[in-house]
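Here, each number is a calculation from the coordinates, and none is a lab measurement. Because the structure is a prediction, the values reported are computed rather than measured. As a convention, Cβ positions derive from the backbone with ideal geometry for all residues, glycine included, and neighbour counts pool all protein chains shown.
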Amino acid sequence: MTRKFIKPSEYGLPIVCGKPYDEADVEETLAAATAERYVKKLQAARPRLILLIRHAEKPDDPNDPNITVRGVEHARRLAVTIPEKYGVPDIVFAAASDAQSDRSVETAQPIVDKYKIPLVQIPATNLHALFEALHEPPKKDFALVVWRHEQLPTIAGMLGIDPPFRTWPADDYSTQWAVRGWVVRT
């Protein structure tokens with residue numbers, strides 16, 4: 001196989017010791033540079049704090065998609081305690097309402113209403129869309145994520161942190177994971 005050599009200046013590449021680059025070298029170098037720029041862009045756009053919480057209390061009836069009366073009170077308390085502890089979120093992401101559950105949106109609604117915060121609903125199973133949304137401009141300092149407990153450890157892992165537990169306990173509605181200084185896992 002003959003190798004085609006190109007001029008580094010055609011691609012904005014430096015000449016290294018007078019050695020010409022072949023096309024494979026250029027493609028590899030450009031791919032690495034593009035990936036590096038992408039990661040830097042993501043890191044620059046990421047919020048300084050992401051708070052991961054589970055939706056409020058759900059009923060015993062598995063067919064009921066809403067939070068309980070206790071869950072409504074819990075959601076109202078979160079609208080007070082989260083700003084007291086972390087500040088007011090710039091944006092709230094919630095697992096979108098569907099036939100199975102409205103609970104994440106119902107939990108987020110009191111804080112969204114009280115502070116007029118944008119609420120972004122993302123399908124619960126589309127964690128990639130959540131991850132991408134966390135990186136979209138404009139820069140957000142504090143993002144609140146209200147989600148279903150089964151997926152929160154996965155979300156934490158996508159943010160580059162080791163969650164305190166691999167499986168969120170089914171009866172735990174109060175744990176909050178404050179993620180600061182997270183990294184991008186590519």
- request: Give the long-range amide H neighbours of Asn66: residues separated by 5 or more places, or on another chain, with amide H under 5 Å away, using H modelled in the peptide plane at 1.01 Å from N.
  value: Asp102
field: Residue exposure sequence - Val105, Val145 - by fewest surrounding Cβ within 10 Å
entry: Val105, Val145
field: Amide H contacts under 5 Å for Phe93, placed H, 5+ residues apart
entry: Val120, Leu144, Val145, Val146
task: Enumerate the calculated ³J(HN,Hα) couplings along the stretch 71-86 in order (Karplus 6.51 cos²θ - 1.76 cosθ + 1.60, θ = phi - 60°), each rounded to whole Hz, writing x wherever the residue is Gly or Pro.
output: x, 4, 5, 4, 4, 5, 5, 4, 5, 9, 6, 4, x, 5, 8, 10
